[in-house]
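Shown next, in structure tokens, is the structure this report addresses.
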Amino acid sequence: MVYGFESVKIVEIPTTVDKRGCLSIIEGGLDIPFNIARIYYLWNFNTSTTRGGHAHKELWQGFVAIHGSFRIVLNDGVDSMDYSLNRPDTCLILPPGFWREIFSLSDGSVLLVLASRLYEESDYIRLYAEYVEYIKTRQIGFENNVD
Ligand code: TYD
């Protein structure tokens, strides 16, 4: 399955609010379109560097700016889109197949990542030149499937 930018979404996380504060809940398969197999978080993120710089073949991810603000730049081999994340009650849903770069825009920021699969190095494409080749073969495969 090939996902385009229209499949990338920023969704609201159901949140209860009262005078004590806020409580946000994400249920896998309900609030986001995949079951959660793994969570990890980026913290102590140096604002003068970037993370990411890779694509995934099968992995779905959800990104939540738990604290602070982030910029996530997605690239599909042709076009790129810029997303800004700065609320703990929204989640960026990222289907597989996009090259991504992640920037922290504030000190002390924490980015929660929800992942549909356990860690598998074989799911990564870490070289952009390889990614461009992967996209070409994947699109040929997709067209063949349609025919
Ligand atoms: P990586 O996904 O490359 O991080 P980033 O894209 O933010 O730079 O992961 C960095 C290192 O951590 C890499 O050696 C793989 C390892 N890692 C795990 O062992 N398990 C995980 O769940 C993740 C996300 C990374």
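Computed from the coordinates by the stated procedures, all read-outs in this text should not be read as laboratory data. Please read these numbers as outputs of a predicted model, since none were measured by experiment. Please note: Cβ atoms are built from the backbone with ideal geometry, for glycine as well, and neighbour counts cover all protein chains shown.
Here are the numbers for the structure shown:
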{"quantity": "Strands (runs of 3 or more DSSP E) fully within segment 48-127 counting 3 or more residues that are in contact (Cβ under 8 Å) with a residue 24 or more places away in the chain and within 14 Å of the ligand (Cβ to nearest atom)", "calculated": "50-56, 61-67, 70-75, 99-104, 110-115"}
{"quantity": "Meets criteria (more than 15 Å from the ligand (Cβ to nearest atom) and surrounded by 15 or more Cβ atoms within 10 Å (Cβ to Cβ)) for PHE34", "calculated": "yes"}
{"quantity": "Among (1) within 25 Å of THR15 (Cβ to Cβ); (2) surrounded by fewer than 18 Cβ atoms within 10 Å (Cβ to Cβ); (3) in contact (Cβ under 8 Å) with a residue 24 or more places away in the chain, the one test that TYR134 misses", "calculated": "(1)"}
{"quantity": "Residue within segment 10-30 that is out of contact with any His (no Cβ under 6 Å at 6 or more places or on another chain), closer than 25 Å to TYR131 by Cβ and assigned to a strand (DSSP E or B) present", "calculated": "yes"}
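To keep it simple, each residue is scored yes or no on (1) within 29 Å of VAL17 (Cα to Cα); (2) surrounded by 15 or more Cβ atoms within 10 Å (Cβ to Cβ); (3) touching an Asp or Glu at 6+ places or on another chain (Cβ under 9 Å).
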residue	(1), (2), (3)
LEU74	no, yes, yes
MET81	no, no, no
SER84	yes, no, no
ILE93	yes, yes, no
TRP99	no, yes, yes
GLY108	yes, no, no
LEU118	no, no, no
ASP123	no, yes, yes
TYR128	no, no, no
